[in-house]
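For reference, the structure is listed below as structure tokens.
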Amino acid sequence: MVLKLPIYMDHNATTPVAPEVFEAMRPYFMEQFGNAASRNHPFGWAAEAAVETARAQIAQLIGCKPIEVVFTSGATESDNLAIKGVAYAYREKGNHLITCQIEHHAVLDSCKRLEKEGFQVTYLPVGRCGMVDPEDVARAITEKTILVSIMLANNEIGTIQPLEKIGRICKEREVLLHSDAVQGVGKIPVSVDALGVDLLSLTAHKLYGPKGAGALYVRMGKPRVKLVAQMDGGGHEKGRRSGTLNVPGIVGLGKACELAGHVMADEAMRLTTLRDHLWAGIQGHLDHVHLNGHARLRLPGNLNVSFEGVDGESLLLSLKDVAVSSGSACTSASMEPSYVLKALGIANALAHTSIRFGLGRGSTGEEVDYVVELLAEQVRRLRAMHSGYPMSSAGASLKAARTNDH
Ligand code: PLP
């Protein structure tokens, strides 16, 4: 097969729209342009029917009832709605929330906003693989705790959290559990009941759907979750999120979920093999490389590696024709080392040498081989230019880098 450049290896940042998804969306821009809230003519009915189909497709993928799905503009909004919505609804009951240090900014900054308003937030640490200890959750819960929010899988390091255990603890202690499951939905099996979550955020553009369409699962059964809407207006989505529905986007999200349900198992196996091949290739060609995140309990397509002695930004620039990311895409505009890597106990110097590879549906073995060769060449070149190298200093720098381990 002929290798096509540039190569996209940043599927944790976003994914292309799948052709089937695009085809499903197409009619809803032009012929079927109705407003799903227009109850008195066929244009509205067609739009509403399409939205309800999408709701059922999402529900099917995550194992909930269609009525428990609230459409939003994406996971940032879903996270805001879940966290602030619950905080304001349960204010009388308590003012304490628990989350962890490696959450996405959509969660962290929602919590910071609440802190300014008098809420208290515990930011749990993670171990060196990026995992929250469920016992830490249990210990942090107080009588005032109204919500625990722990992501399903991390966007930078791919570590999958022990959410089922956390879910059981929350249930026992009668505390609501929200999960930002953006990176996991469509990649690994997700069942809201098995995980024990009461709220769950997802977004279309991470699972081969369009940007600007997402959803929040809100449990209706026991316990029924109360939520204060963050968007006031026409009372759409049963008052939980006002605003004319993005019908094409929602149709795309639904179709993307349906498709993911069909291909997920095979794709997860294929991507795990490719990802392991990439890591084996890197290790085969280069020494002093370090895997960030959990070796096994991680997203199938995700690999995050520190290349000791190499500046990640310079490496990124030298990997022309390969789209990867240093740190999280959402914060790569800043030159601060990734807060996620810092939370793992990785010192700034080593964190700065890290690259995130995100493999996805379009990724091939040829691409992986090409990237391995290119990496080996460029890392060697950059290391040769780096005065603090070669390896006599490597042991020392590695030791320094890991002194914050916990
Ligand atoms: N949460 C996580 C874990 C993410 O990776 C992202 C995407 O960058 C988001 C939330 C934000 O999602 P959206 O782009 O749909 O607002």
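The values are calculated or read from the model by the stated rules, or taken from the named source; none is laboratory data. Model, not experiment: these values are computed from the prediction. Note: ideal-geometry Cβ built from the backbone for every residue, glycine included; neighbour counts use all protein chains shown. For accessibility, only protein heavy atoms count, side chains too; no ligands or nucleic acids. Shrake-Rupley method; radii C 1.70, N 1.55, O 1.52, S 1.80 Å.
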Find all pairs meeting these conditions: Cβ atoms under 7 angstrom apart; at least six residues apart or on different chains; first residue within the stretch 1-17 and farther than 13 Å from Asn155 by Cα; second residue open to solvent by 60 Å² or more (accessible area, probe 1.4 Å) and among the acidic types (Asp, Glu). Met1/Glu366; Leu3/Glu366; Leu5/Asp321; Pro6/Asp321; Ile7/Asp321
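Look at the stretch 81-110 and say how many of its residues are assigned to a helix (DSSP H, G or I) and within 15 Å of the chain's Cα centre (by Cα).
Selection size over the stretch 81-110: 4.
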Filter result for Arg241 (within 18 Å of Tyr88 (Cα to Cα), at pLDDT 95 or above and open to solvent by less than 50 Å² (accessible area, probe 1.4 Å)): yes
Residues within the stretch 195-229 that are closer than 29 Å to Glu172 by Cα, within 15 Å of the ligand (Cβ to nearest atom) and assigned to a loop (DSSP other than H, G, I, E, B), tallied: 1
Could you list, in sequence order, all residues of the stretch 1-34 that are closer than 16 Å to Gly358 by Cβ and loosely packed, with under 11 Cβ neighbours inside 10 Å? Pro6
Name the residue that is farthest from Ile166 (Cα to Cα), counting only residues in the stretch 93-107 that are within 16 Å of the ligand (Cβ to nearest atom) and open to solvent by 50 Å² or more (accessible area, probe 1.4 Å). His105
Being surrounded by 24 or more Cβ atoms within 10 Å (Cβ to Cβ) and either in the same structural domain as Pro210 (by TED's automatic domain parsing) or touching a Lys or Arg at 6+ places or on another chain (Cβ under 9 Å) (or both): is that true of Ser110 here? yes
Only residues in the stretch 179-190 that are over 15 Å from Asn80 (Cβ atoms) and touching a residue at least 12 places away in the same chain (Cβ under 8 Å) count as the first member; pair them with residues that are within 12 Å of the ligand (Cβ to nearest atom) and among the basic types (Lys, Arg), Cβ under 7 angstrom, at least 6 apart or cross-chain, and list the lot. Gln183/Lys206
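Considering only the stretch 124-133, I want to know if a residue exists there that is under 13 Å from the mean Cα position of the chain (by Cα), within 16 Å of the ligand (Cβ to nearest atom) and open to solvent by 10 Å² or more (accessible area, probe 1.4 Å).
no
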Just to verify a result, which residue in the stretch 152-167, among those that are touching a strand residue (DSSP E or B) at 6+ places or on another chain (Cβ under 8 Å) and in a helix (DSSP H, G or I), is nearest to Leu299 (Cα to Cα)? Leu163
Taking Leu341 as the residue in question, decide whether it is touching a Ser or Thr at 6+ places or on another chain (Cβ under 7 Å), closer than 24 Å to His104 by Cβ, within 16 Å of the ligand (Cβ to nearest atom) and modelled with pLDDT of 95 or more. yes
Residue pairs, Cβ under 7 Å, 6 or more apart or interchain, first in the stretch 208-230 and open to solvent by 50 Å² or more (accessible area, probe 1.4 Å), second in a strand (DSSP E or B). List them. none
